[in-house]
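Here the structure is laid out as structure tokens; the discussion comes afterwards.
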Amino acid sequence: MQDFIAVLDFGSQYAHLIAKRIRHLGAYTQIFSPSANENLLHKAKGIVLSGGPASVYSSDIPSFNLKMLDLDLPILGLCYGHQLITKEFGGTIANTGKGEFGKAILQYTSDFPLWQNVSFPNQVWMSHQDSVTKCPPEFEITGVTESGSVAAMGHRDRPIYTLQFHPEVNDSKQGRKMLANFVKTCDVRSTWSMETFIEETTERLQQEVGEQKVLMFISGGVDSSVAFALLNKAVGEEQMLGLYINNGFMRKNESAEIIERYRQQGYTNIKLRDYSSYFLDAVAGQVDPQVKRQKIGATFIRMRDKFLNELNLPVQEWMLGQGTLYPDIVESGGTEHAEVIKSHHNRVQEVLDLVESGKVVEPLKELYKDEVRQVGALLGLPGSIVWRHPFPGPGLAINVLSARGDELFPAPEKTAAEVSNCLQNSVCDYLILPVRSVGVQGDQRTYTPPAALINTPRDWNWLEKEATRLTNEVRSVNRVVLQLGSNSKDQHAPFQIRRAFCSKERLDLLREADFMATQMLKKNGLMRNIFQLLVILLPISKNGKEDSMVLRPVVSEDVMTAQFARIDWNLLDPLVESILELSGIETVFYDITHKPPGTFGWE
């Protein structure tokens, strides 16, 4: 068994990302439960304690084998791990009433092995509600944020280091240097590359599939396309069959383009089916986004069986291939101690039942988006596939928010008062929107109404600062949007929620706006600069009869974190005018929320 660095997973959204970052530094990693027997770590050269959704003082904290802290190894505690080490060594943790989500500025206070070649002040990425309020006696504080939060500590005599922020995410500007400094203290050999991953995965797939056949859902996106290519390489085209389903939730003109793209790649083992009526029926009248995702996932499995029956192929002889990535599993609560942030169509119960019976093969389930792009390039896939913007399996269905029209929101007056207090010295107005969107704060799922800023300066730095301050100080807000334009003459009139569902008519309306936004990116060479542009339809308007639209462009590397994209105002203005000319659209917003605290999508 080779040397490795052990990552203890306390349920963090980023636990596997930590392992990935360290692998990319050349050191092999393995993920363990925090309650694992310490003897399993006899080949470990270091230990990382991940973040997690729990509070160290809560009644349902993950079980932790304290003997891990007695091992004569370098130890790094991150976020929850930072707080857990603080508690176990005699320090104090408290909820101060204010969290930190997204960007924070790290200030140097003392020398620290992790600070080698790191400059200060330094941008880091936070996602926590609890804070260290008293440093343990054997430790010293080595870094703080501008807000005064204890951001880094080091043991005075042992190689134990803790960070409140997440060095593993791309938005911590010099986080990789910090992780590299930790890896140096571990003295572990370099053994990892993406070429190694392809070799090992090819062997694994051959053993996993054996003589069985695989039906693979393909969407034209990078995940399913790379997974399909890897499976074809591993087991051969004669054991593979790709199925592209038009589920009625695709972008404008997209189905024809996708099929042509696959044909250009020379694939002869791909079939097309239009099952859109079945999917539209499945979501008809549905409001709860989790239920909607589950119904879409279940319909995919029903259509799989329907398709195989149409070809007179025995269902029991076929495995299901999926382009599942690790973030799908994490956000679906698929790791020990992890919160369910949002269900994914490839992790609904029908799929989990197939997983349990050994009938699902997922070549990419340990990877992130940036790694999948690397694998695709190494397999020779063209840039049109490798760099295609992410598009979820449920498609536009999860960008069409639905409502009964009589929704009640908890304590709206309290939320409005807190936002008002937070913005009392600001130069803008605001409204609380009568819809809810999903977020992730401190590794926990939140579901709250967004705050909309009105009549603001056209200054992205100012907008980012205000949005971050709002979501840090007002717990009941996880997302902030900017009102870009409206057909309503009354800027301050409240928005009304209306009865509206995921129908073909609303999907067609969204398709047009989505097409306009995508064409704007393409014409201006921004497709590589913007990781993903979501266009989201809201069942709200000031007249109570129309919809509103949200533009949600993000910059990201691996989906786990993101910053909202800053598109040139000269490009936004004509786009907004065009969208407002669409019949049925009253107002256009721009999402100015990072992840965390807001997820990419709203459902």
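Quick one: count up the residues across the range 27-41 that are in a loop (DSSP other than H, G, I, E, B) and in contact with a strand residue (DSSP E or B) (Cβ under 7 Å, 6 or more places away or on another chain).
Initial filter on the range 27-41 (in a loop (DSSP other than H, G, I, E, B)): 28, 33-37.
The next check asks that each one be in contact with a strand residue (DSSP E or B) (Cβ under 7 Å, 6 or more places away or on another chain); those that pass are 28, 34.
Residues meeting the conditions: 2.
Within the set of pairs 6 or more residues apart or between chains, which connect a residue that is touching a residue at least 60 places away in the same chain (Cβ under 8 Å) and assigned by TED's automatic domain parsing to the domain that holds Val222 inside the range 376-390 to a residue that is basic (Lys, Arg) and exposed (fewer than 14 other Cβ atoms within 10 Å of the Cβ) with Cβ atoms less than 9 Å apart?
Trp387/Arg528
For the range 39-76, enumerate the residues that are over 16 Å from Lys87 (Cα atoms), surrounded by 17 or more Cβ atoms within 10 Å (Cβ to Cβ) and more than 23 Å from the chain's Cα centre (by Cα).
Answer for the range 39-76, where residues must be over 16 Å from Lys87 (Cα atoms), surrounded by 17 or more Cβ atoms within 10 Å (Cβ to Cβ) and more than 23 Å from the chain's Cα centre (by Cα): Leu41, Ala44, Lys45, Gly46, Ile47, Leu73, Pro74.
Out of Ile540, Ile536, Ile567, I need the residue that is surrounded by 19 or more Cβ atoms within 10 Å (Cβ to Cβ) and more than 20 Å from Thr448 (Cα to Cα). Which one? Don't jump to the end; show me each part of the working.
Details: Ile540 fails: more than 20 Å from Thr448 (Cα to Cα); Ile536 fails: more than 20 Å from Thr448 (Cα to Cα).
The match here is Ile567.
Quick one: is Gln286 in contact with a Cys (Cβ under 9 Å, 6 or more places away or on another chain), crowded, with 17+ Cβ neighbours inside 10 Å and not assigned by TED's automatic domain parsing to the domain that holds Thr448? If you could, list the steps in order and put the result at the bottom.
Values: in contact with a Cys (Cβ under 9 Å, 6 or more places away or on another chain): yes; crowded, with 17+ Cβ neighbours inside 10 Å: yes; not assigned by TED's automatic domain parsing to the domain that holds Thr448: yes.
Yes, satisfied.
Scan (1) β-branched (Val, Ile, Thr); (2) in a helix (DSSP H, G or I); (3) out of contact with any helix residue (DSSP H, G or I) (no Cβ under 9 Å at 6 or more places or on another chain) for the single condition Ile296 breaks and write down its number.
Only one criterion is unmet by Ile296, namely (3).
Any idea which of Gly405, Gly380, Gly376, Gly393 is within 17 Å of the chain's Cα centre (by Cα) and either farther than 19 Å from Asp558 by Cα or of a type outside the set (Lys, Arg) (or both)? Full working, then the answer.
Details: Gly405 fails: within 17 Å of the chain's Cα centre (by Cα); Gly380 fails: within 17 Å of the chain's Cα centre (by Cα); Gly376 fails: within 17 Å of the chain's Cα centre (by Cα).
One residue alone meets the criteria, Gly393.
Return the pairs, sorted by first residue and then second, in which the second residue is hydroxyl-bearing (Ser, Thr, Tyr) and modelled with pLDDT of 95 or more, the first residue lies in the range 500-528 and is within 14 Å of Gly395 (Cβ to Cβ), the beta carbons are less than 7 Å apart, and the residues are 6+ apart or on different chains.
Listed by first residue and then by second, the contacts come to Cys502/Ser402.
What is the number of the single condition among (1) in a helix (DSSP H, G or I); (2) at pLDDT 95 or above that Leu215 does not meet?
Failing condition for Leu215: (1).
Quick one: in the range 185-201, which of the residues that are touching a residue at least 24 places away in the same chain (Cβ under 8 Å), over 26 Å from the mean Cα position of the chain (by Cα) and part of a helix (DSSP H, G or I) is farthest from Gly376 (Cα to Cα)?
Thr185
Would you check which residues across the range 485-505 are outside any loop (DSSP other than H, G, I, E, B), of a type outside the set (Gly, Ala, Ser) and buried (at least 20 other Cβ atoms within 10 Å of the Cβ) and list them? Give the derivation first.
Looking only at the range 485-505, we keep the residues that are outside any loop (DSSP other than H, G, I, E, B), and these are 485-486, 496-497, 500, 504-505.
Okay, now just the ones that are also of a type outside the set (Gly, Ala, Ser), so 496-497, 504-505.
Within the range 485-505, just Ile497 meets the criteria.
May I ask you to list the residues in the range 392-434 that are among the small types (Gly, Ala, Ser), surrounded by fewer than 23 Cβ atoms within 10 Å (Cβ to Cβ) and not in a loop (DSSP other than H, G, I, E, B)?
Passing the criteria: Gly395, Ala403, Ala416, Ala417, Ser420.
Say we look at the range 1-26 and pick out the residues that are part of a loop (DSSP other than H, G, I, E, B) and closer than 19 Å to Gly439 by Cα; which of these is modelled with the highest pLDDT? Give the derivation first.
Of all residues in the range 1-26, those part of a loop (DSSP other than H, G, I, E, B) come to 1-3, 9-14, 25-26.
Narrowing further to those that are closer than 19 Å to Gly439 by Cα: 11-14.
Numbers: Gly11: 84, Ser12: 80, Gln13: 75, Tyr14: 81.
The extreme case among them is Gly11.
The values are calculated or read from the model by the stated rules, or taken from the named source; none is laboratory data. Since we're looking at a predicted model, the values are computed, not measured. Glycine also receives a Cβ, built like all others from the backbone with ideal geometry; neighbour counts cover every protein chain displayed.
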